[in-house]
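Engineer: Let me give you the structure first, and then I'll get to my questions.
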Amino acid sequence: MTITNTAETADTGQPTQSDKRVLLAAPRGYCAGVDRAVETVEKSLEKYGAPIYVRKEIVHNKHVVKTFEDRGVIFVDETTEVPQGANVVFSAHGVSPMVHQEARKLELNTLDATCPLVTKVHHEVKRFAKQGYQIVLIGHHGHEEVEGTAGEAPDVVHLVDGQDDVNALDFPEDTKLIWLSQTTLSVDETMDTVKMLREKFPHIQDPPSDDICYATQNRQVAVKAIAPKVELMIVVGSQNSSNSKRLVEVALQHGTKESYLVDYADQIDLAWLEGVNSVGVTSGASVPEILVRGVLDLLAEQGFPTVEEVTTATEDLIFSLPRELRPSRTNRE
């Protein structure tokens, strides 16, 4: 397999039947927040040994979760399932103050792997709640991130996920309003909801900074660059991964005829490739690169040996580990 690199301005002519190719999105896969969360569990295993408990999935990826389970990590739905005094990691999606309170009651040793960009939104909720705002949180019902975020000020946070939720909102005219968002949404989808909110509440304020994370945006931009040039888009990611599912939708909205989400290469239906000359490949922000390589290997076996990596951005952000897991000054010296 040969991978060549191109900028997003490269020639985009459709390949011939004898020139089948794969356009590989860059950036793709692990973001800084996921990298930090996964390393938090790895370092916790090294420092404390198994079992390590993790509340919810550390990140939304089947392969990552299964790999950690094989190493003695126990995933639980609620903090109250963790034995008193045990070591527990909070997932990258964040938790509410009530969860922290439960952990203190159980005298748990907590290691918080919440993505710093999610933590930023938590801080915004607390700040605007104190300032007397009603907060409209754009996000998906039932998603762990919005549950944790809304939990910071449940009396003033109103979750909306589309037109019906916007229609159901009702505030007095003099209400101080601001909108915030889940970090892993589609940028376009979010702005559609913002437009609805502005039509109904012209005085609603924008957040002080963009809540949708840089990695989510970068991966969507890469898909938008590739989608018009391919007939099929394969997104590697799990069904419960919000940012991965958004990539499938973005591909379809920007020119790809078919787009599918798969955890592993063996989930690809070879019928998808019939009559197809160009395939796009990307992966969600919680997907290890080994799974993408598996897809590329399968495509090579099926007559797509040429892989052209299309780069639309570079990422070099690194988040520090939780304080409890950082090397001591003595070790660094």
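Engineer: Condition first: outside any strand (DSSP E or B) and out of contact with any strand residue (DSSP E or B) (no Cβ under 7 Å at 6 or more places or on another chain). Can you find one or more residues in the range 230-237 that meet it?
Structural biologist: No, the conditions are met nowhere in the range 230-237.
Engineer: Going through the range 280-305 one residue at a time, which ones are over 20 Å from the mean Cα position of the chain (by Cα) and either modelled with pLDDT under 95 or in a loop (DSSP other than H, G, I, E, B) (or both)?
Structural biologist: Selection gives 302, 303, 304, 305.
Engineer: Could you list all residues from the range 261-279 that are within 14 Å of residue 237 (Cβ to Cβ) and surrounded by 15 or more Cβ atoms within 10 Å (Cβ to Cβ)?
Structural biologist: Across the range 261-279, the qualifying residues are 261, 262, 263, 265, 268.
Engineer: So residue 139 passes all but one of these: (1) closer than 16 Å to residue 118 by Cα; (2) without any contact (Cβ under 8 Å) to a residue 12 or more places away in the chain. Which condition number does it fail?
Structural biologist: The one condition residue 139 does not meet is (2).
Engineer: Further question: Got at least one residue in the range 230-253 being surrounded by fewer than 17 Cβ atoms within 10 Å (Cβ to Cβ), at pLDDT 95 or above, farther than 30 Å from residue 172 by Cβ and small (Gly, Ala, Ser)?
Structural biologist: no
Engineer: Restricting the search to the range 46-67, which residues are in contact with a Ser or Thr (Cβ under 6 Å, 6 or more places away or on another chain) and assigned to a helix (DSSP H, G or I)?
Structural biologist: Correct list: 62 only.
Engineer: Still on this structure: With respect to residue 149, determine if the residue is under 23 Å from residue 78 (Cβ atoms), out of contact with any Phe, Trp or Tyr (no Cβ under 9 Å at 6 or more places or on another chain) and modelled with pLDDT under 95.
Structural biologist: Spelling it out, it is not the case that residue 149 is under 23 Å from residue 78 (Cβ atoms), out of contact with any Phe, Trp or Tyr (no Cβ under 9 Å at 6 or more places or on another chain) and modelled with pLDDT under 95.
Engineer: I need a count of the residues in the range 138-154 that are hydrophobic (A, V, I, L, M, F, W, C) and surrounded by fewer than 22 Cβ atoms within 10 Å (Cβ to Cβ).
Structural biologist: 2
Engineer: Here's another thing I want to ask about it. Give me a count of the residues in the range 1-37 that are out of contact with any Leu (no Cβ under 6 Å at 6 or more places or on another chain), β-branched (Val, Ile, Thr) and either modelled with pLDDT under 70 or surrounded by 15 or more Cβ atoms within 10 Å (Cβ to Cβ) (or both).
Structural biologist: So the answer is 6.
Engineer: Does any residue of the range 314-330 turn out to be under 20 Å from residue 23 (Cβ atoms) and out of contact with any Leu (no Cβ under 6 Å at 6 or more places or on another chain)?
Structural biologist: Taking every residue of the range 314-330 in turn, at least one turns out to be under 20 Å from residue 23 (Cβ atoms) and out of contact with any Leu (no Cβ under 6 Å at 6 or more places or on another chain).
Engineer: State whether one or more residues within the range 157-180 are of a type in the set (Ser, Thr, Tyr) and farther than 23 Å from residue 290 by Cα. Talk me through it step by step, then tell me what you get.
Structural biologist: First, pick out the residues of the range 157-180 that are of a type in the set (Ser, Thr, Tyr): 175.
Next, only the ones that are farther than 23 Å from residue 290 by Cα stay: 175.
Yes, the range 157-180 contains at least one residue that is of a type in the set (Ser, Thr, Tyr) and farther than 23 Å from residue 290 by Cα.
Engineer: Here are some conditions: (1) touching a Pro at 6+ places or on another chain (Cβ under 7 Å); (2) over 18 Å from residue 145 (Cα atoms); (3) crowded, with 16+ Cβ neighbours inside 10 Å; (4) not charged (D, E, K, R). Residue 72 meets all but one. Which one does it not meet?
Structural biologist: Single failed check for residue 72: (3).
Engineer: Right, next: Which of the residues that make up the range 306-330 are among the acidic types (Asp, Glu) and either more than 20 Å from the chain's Cα centre (by Cα) or over 29 Å from residue 224 (Cβ atoms) (or both)?
Structural biologist: To start, the set of residues in the range 306-330 that are among the acidic types (Asp, Glu) comprises 308-309, 315-316, 324.
Scanning the range 306-330 gives 308, 309, 324.
Engineer: Among the numbered criteria (1) under 24 Å from residue 154 (Cα atoms); (2) buried (at least 17 other Cβ atoms within 10 Å of the Cβ); (3) without any contact (Cβ under 8 Å) to a residue 60 or more places away in the chain, which single criterion is violated by residue 115?
Structural biologist: All conditions pass for residue 115, except number (3).
Engineer: Any residue in the range 95-110 that is buried (at least 20 other Cβ atoms within 10 Å of the Cβ) and under 19 Å from residue 186 (Cα atoms)?
Structural biologist: No; the residues of the range 95-110 include none that is buried (at least 20 other Cβ atoms within 10 Å of the Cβ) and under 19 Å from residue 186 (Cα atoms).
Engineer: So the check is Cβ under 6 Å with 6+ separation or different chains; which pairs have a first residue in the range 283-312 that's in contact (Cβ under 8 Å) with a residue 40 or more places away in the chain and within 22 Å of residue 36 (Cα to Cα) and a second one that's assigned to a helix (DSSP H, G or I) and of a type in the set (S, T, N, Q)?
Structural biologist: That search, which allows pairs on different chains as well, returns 284/243; 284/244; 285/243.
The values are calculated or read from the model by the stated rules, or taken from the named source; none is laboratory data. Bear in mind the structure is a predicted one, so any value in this text is a computation, not a measurement. Positions of Cβ are backbone-derived with ideal geometry, glycine not excepted, and every protein chain shown enters the neighbour counts.
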